[in-house]
Each structure stands twice: as structure tokens, then as C-alpha cells.
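Only the coordinates and a few stated rules stand behind these numbers; no lab work does. Source: prediction; values computed, not measured. Every residue, glycine as well, gets a Cβ built from its backbone with ideal geometry; the counts of neighbours run over all protein chains shown.
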Amino acid sequence: MFEQSFKNIDNILHTDSGCGTELDYIEQTSWILFLKYLDDLEDTKKTEAELAGKKYDQILSKQYRWDSWACPKDSAGKLDYNKADDGDDLKDFVNLKLFPYLKKFRSEEPNTIEYKIGEIFHELKNKISSGYKLREILNIVDGMHFRLSKEKHELSALYEDKIKNMGNSGRNGGEYYTPRPLIKTIVKVVNPKIGDKIYDGACGSAGFLVESFAYLTENKSKISSSQMKKLQTNTFYGKEVKSLAYIIGIMNMILHDIEAPNIRHMSTLSENINDIQEKHRYNIILANPPFGAKMGREIQQNFPIKTGESAFLFLQHFIKILKAGGQAGIVIKNTFLSNTDNASISLRKILLESCNLHTVLDLPGGTFTGAGVKTVVLFFEKGKATKKVWFYQLNLDRNLGKTNALNEKDLAEFVALQKKKKDSENSWSINVADIDQATFDLSVKNPNKNNEVVLREPKEILAEIRKLDKESDKVLEKVGTLI
């Protein structure tokens, strides 16, 4: 229904001087889609209230509703060009009246859709420089309706595609996108239940939270109204530091029927983990924290294990904020398993001693488009020490990339074997008592692939080079004394 409309909007934005990248396209499309979605949601709620003999108070004042400013209609239901602003008049209304009005909702209660409206438009600004092009886009979006479940499903699917394109567009967009087949698999293995509090401290576009909601509502006929209310208001929590990702995350959740997402715009790592109390903890943690970013000393002071690697700080946070008996599925770069620096060793020791690291999924290169490192997924339960770790190495007969992405079928064997931690050509178990107790090295070394070359870490190679250089210097010194 909507695919061609999305393409037409992108084509218009492509010709507008205010929008230069996929990041701009999704940002600008998002706020317009959101206001149309909100208008349809208000209409639905108004109808439901009338059928129940109740009155519904609309969120927006009349002059700021979609059918007043965006696409006012005549008696025949057609766009009334006498009332519809265009050009500079339209642009001035949006910039000087609409956005300032919507920002004011930020003063409402945090766990409401009103507050989220204020948050979204506090962070956004209209970048569409031509009021005439904005009019074209409004007319296209006006033809899209989001009342039926089929319509909402297509909208959410197309929105996910736009997020994916944003992730593939270069710059910093890639860090907002984790392949959905991988997210679905992680959610399936962690297996959250209604009543769990689910958390992602680096939520980006909220993929883990959205897929968890889809997983929990797969059979809506069996969900009571009280359970649905719990899912809407008291289940999904996230934090995101970057403005665009925060906005996209909120709107992604709202477009997936979670009306008031509990996402906070803040830096997770700015919190001292010693301040985390039981009331702050979560039953389920699902995350793909950013890696590679170097954190300064002021951030490192918030953690017992000091390290500049952002992903390792996030992992400390996740272990601390997970409830006893809680489950986690965390994506992290594979060097975490074998790095020989003090921070990595200490962190592996804490993870193994305070949690049951029951599963490690080793992913092939190319899983994350544009990322130059390999990753693994750590599955663990907090509250009991690890005795045995089950590894699964995803070996595919093709190279992954933009045009050949990971799919759920690729991960089907992992899901099937993981339930009982079965050994296979691609899976094996190790006893923690058998690993080096000084380094807690958990390198992925498939015993069933005898001809496989296990690549060493760069630090390890450099250390050996330095050692060999010293030995060479000694030999040269002895040779020098003989000449």
C-alpha cells in the first residue's frame, strides 16, 4: 500500500536543499508520518469512546490537528486549496507555530504519549527548506491511513527498511541498526515473558524493544487488557544518548503500537553503577552497545574496572543492573573473549563468577554492514557462576554483505541446538574449570574444525614481535663482540 509513497517522498526530499542524506530523509519523513499516525490514532480513540458512550478529549488543539493545517478538506473530502497553506506560509506555520506548540507537551507526565510528543519535537527541527515540497509530501502522507492492523504492519515494516537504509548510508547511521534476523533470534533464545521488565541501555532505533513487543504479542487473542496495559506502560525501557537515534527509537516504538515508550535521552555510561539499587534492575537485558568509542577518565570513574572501551563499560553496567535470575543477550566484539589486558581479564572473571554464561554465538564477518570487526553474542543468567559454556559458530557457505544479508534461516540450526546445548560440527561445550584460571581466555576455537586457523589478537602478535626483537638484539650484541 505505502511502498511507492515512501519512494515518492524520498525523491522529493532528494531535490530539497535542506536534506542531504538518508539520515535527513528518515528524520524529516518521521515527524510528518508521526503527526499523521497521531491523527489516525486520535480518530480511532474518539470512535471507540463514542461507541462506549464516553467523551474523548483530543490531545492537540484544533488548529494544530492534521485536518486543520496539513490537509484541510472541502465538503467533498478533497484537499481545500483555499485553506491549505503552501510555500513560505506553510513553512512559517510549521517552524514558528506548530513546532513550538508541540514542544510544550514536554511539561506533561513522562509516561504519556503527550510527553513523548514534546520530547520528539524538542529534539527535531524542520529541515525541508521548500514549503512547496513540504506541501507535496503532506499530500502524499495524507493518502496513507494507519487505522487497520494491516496498515500499521506495513507502515512499521517500511519504517524498519528506512532505518536499515539509514544504517547502510555511512557516517554514524550504522550504529543505529542491528540486523533484525539477529535481534529476533536473540529475543527468541532469551525468551522474555509478560511481566518481565525489558531493558536496552543503548537502544538506538529500539529494535530489541520493538521485536520483544512483537514476540510477546504474537498471539494477541490470549493477552488480557491488563496484560496489554502492562506491555504498553511498564515493560519496555531504554536509554539513548544521540538525539537522532533517540527520536527514531521513540517513533519506531509508537509506530509499532507502543504508545508511550519509556526511553530516556541520556548517557547510560554517565551513571555510577554503584548507585544502582534493586528498584532500578530489570529481568531482561537485550542490547548491542557501541564499541570502539574511547571513553574519558571522567566516565571510567563510574565503573570498578577502568577501561576506555565503551562496550566493556556497558557490559559492566548490564551485569550490575540485571536482576538476580534475570536473562541477557548482549552483542559484543569477539576480542572480549581473548584480550589479555587487565580490564578484559577482570571483566571476564566477573562475568563468569557472577553470571552463568551458558551460550556464546560466534557470528561471521559481514554480519554488521560496514563494521570492520567480528562479533559474538553473550547469553547469560545472573546469580550463579558459570560451570559450562556452550559455543555455536555460525559457518555460512557465502559471504555476508549489503546484498547478501543475514537471515533467520541462517540462524535456525543455532536456535534448534541451543535449547539442549547439543554438540555438532558447529557447536561444542567447554568446562570453565578447564580454562586458564589466570586469563579466563574464552577464545572461539572450534574443536571440530581441525584445519581452521585461529587468528591471534594484534596485541598478542605485537608482544611476540617485541620479544623476538629483544632476542635478536641480544644475538647481534654477541655477534658484535666476536668481530
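Of note:
- Neighbourhood charge, 11 Å Cβ-Cβ cut-off, centred on residue 392 and excluding it, Lys, Arg +1 and Asp, Glu -1: -2
- A quarter of the convex hull surface defined by the alpha-carbon atoms of region 174-434 gives 14.2 nm² as the mean projection.
- Residue pairs exceeding 31 angstrom between C-alpha atoms, taken from 55/150; 116/421; 116/420; 91/197; 97/294; 150/193: 116/421; 116/420; 91/197; 97/294.
- Distance from the C-alpha centroid of region 101-129 to that of region 286-364: 34 Å, rounded to the whole angstrom.
- Neighbourhood charge, 13 Å Cβ-Cβ cut-off, centred on residue 275 and excluding it, Lys, Arg +1 and Asp, Glu -1: +1
- Qualifying trypsin sites (Lys or Arg not before Pro) for region 290-344 [loop in DSSP, other Cβ within 10 Å: at most 16]: 306
- Order of 39, 200, 86 - criterion: other Cβ atoms within 10 Å of each residue's Cβ, fewest first: 86, 39, 200
- Local charge for residue 71 was computed over the other residues whose Cβ lies under 14 Å away, with Lys and Arg +1 and Asp and Glu -1, and equals -4.
- Ellipticity estimate at 222 nm from DSSP helix runs (n ≥ 4, -39,500 (n - 2.57)) divided over the chain, nearest 500: -13000 deg cm²/dmol
- Convex hull volume per residue, computed on the Cα atoms of region 314-413, equals 115 Å³.
- Residue pairs, from the table 333/409; 125/279; 239/387, whose Cα atoms sit over 26 Å apart: 125/279; 239/387
- Computed on the Cα atoms alone, the convex hull of region 5-133 gives a volume of 130 cubic angstrom per residue.
- Computed from the C-beta positions of residue 473 and residue 306, the FRET efficiency with R₀ = 30 Å rounds to 0.35.
- Bridge orientation summary for the chain: considering DSSP beta bridges with both residues in this region, about 55 percent are antiparallel.
- Segment residue 150-residue 99, extension gain: residue separation times 0.36 nm, minus the distance between their alpha carbons: 15.3 nm
- Debye equation applied to the C-alpha atoms of region 1-79, log10 I(q)/I(0) at 0.16 Å⁻¹: -0.79
- Over the chain, the reciprocal of the mean inverse Cα-Cα separation, the Kirkwood hydrodynamic radius, stands at 24.9 Å.
- Descending by average beta-carbon neighbour count within 10 Å, the peptides 226-237, 374-385 line up as 374-385, 226-237, the highest first.
- Exposure proxy ranking for 210, 141, based on other Cβ atoms within 10 angstrom of each Cβ and starting from the fewest, stands as 141, 210.
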